[in-house]
Amino acid sequence: MARTLGLIGSGMIGGTLARLAVNAGWDVVLSNSRGPETLADLVAELGEHARAATPAEAARAGDIVVATVPLFALEKLPAAELAGKTVIDTLNYYPERDGNLPVLDNDEVTSSELVQRHLSGSRVVKAFNNIGAKQLGSLARPAGAPDRSGLPIAGDDPEAKGEVMELLDALGYDAVDVAPLAESWRSGPNTQLYCLPYFGEVPAGLSGEEMMRWIFETPGAPVPVERVRELAASAVRGPAGASLTG
């Protein structure tokens, strides 16, 4: 029987994960803040293994649930319906979008620890936060492929991390367990493991607008598991948060 991936947030990362999951034989239940009817085109593209629902319904339906919403919308995640679930947290802190959060600015906690506080009855695992949507879709490879990439995960619950590792394997990636939630910053903004390795060689001389266009179009380059481990281990914690525009 197919397993079900619930998605709370169906933007670029959520939509890409839905496509990968359906291709891997999973059912998907998509949701966003604007209502199921706004997801009709994506559901039609994905076919019979996809349906749209409310966030609460997606939370209840998912064997694993991905929370892929802006950090400022954290409190809207349906904690009651997510209780007992493994929840993948893709959230990153962008102060210009999310507003300044002193507990993050002062490094009192990580954004993933904030997610775990809100979802106190869930098992939170950080994943999919350090790769662009285009690269996430294009770099997926079958198990054993020589150019398969690794993706970092972080979490405190071994069983939940095991579930997420199995999901990543199905979607086309090797999971690399890099840290507990308190050190999930190792794959976040302002670290060497955040997005850039998956872009490959960046063309010189691009303007800011050209750079953003290139990021959204480049298929990227594979990042082996050992390179992910190396970058995570050598990461230095920089200022919390990052700019959305570079």
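Please find, within region 24-49, the residue that is most open to solvent (accessible area, probe 1.4 Å) out of those that are within 19 Å of the chain's Cα centre (by Cα) and free of Cβ contacts under 8 Å to residues at least 60 places away in the same chain. Talk me through it step by step, then tell me what you get.
Taking region 24-49 as the starting set, the residues that turn out to be within 19 Å of the chain's Cα centre (by Cα) are 24, 26-33, 42.
Remaining after also requiring free of Cβ contacts under 8 Å to residues at least 60 places away in the same chain: 27-33, 42.
Working: ASP27: 45, VAL28: 2, VAL29: 5, LEU30: 0, SER31: 0, ASN32: 20, SER33: 117, LEU42: 23 Å².
Per the criteria, the residue is SER33.
Do the conditions hold for ASP169, that is, is it outside any helix (DSSP H, G or I) and touching a residue at least 12 places away in the same chain (Cβ under 8 Å)?
no
Considering PRO142, PRO152, which residue is modelled with pLDDT of 95 or more, under 21 Å from GLU226 (Cα atoms) and open to solvent by 60 Å² or more (accessible area, probe 1.4 Å)?
Numbers: PRO152 fails: open to solvent by 60 Å² or more (accessible area, probe 1.4 Å).
Answer to the selection: PRO142.
Results for (1) surrounded by fewer than 20 Cβ atoms within 10 Å (Cβ to Cβ); (2) in a strand (DSSP E or B); (3) not hydroxyl-bearing (Ser, Thr, Tyr), shown as yes or no for each residue.
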site: VAL87; (1), (2), (3): no, yes, yes
site: LEU91; (1), (2), (3): no, no, yes
site: GLU96; (1), (2), (3): yes, no, yes
site: VAL103; (1), (2), (3): yes, no, yes
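Tell me which of these VAL236 doesn't satisfy, since it passes every other one: (1) buried (at least 18 other Cβ atoms within 10 Å of the Cβ); (2) at pLDDT below 95; (3) β-branched (Val, Ile, Thr).
(1)
SER207 passes all but one of (1) among the polar types (S, T, N, Q); (2) without any contact (Cβ under 8 Å) to a residue 40 or more places away in the chain; (3) surrounded by 14 or more Cβ atoms within 10 Å (Cβ to Cβ); which number fails?
Just one mismatch for SER207, condition (3).
The values are calculated or read from the model by the stated rules, or taken from the named source; none is laboratory data. From a predicted model like this one, the values you see are computed outputs, not experimental measurements. Because the Cβ atoms are built from the backbone with ideal geometry, glycine has one as well, and the counts that use them run over all protein chains shown. To get the accessible areas, we keep the full protein, side chains included, count just its heavy atoms, and leave off ligands, DNA and RNA. Shrake-Rupley method; radii C 1.70, N 1.55, O 1.52, S 1.80 Å.
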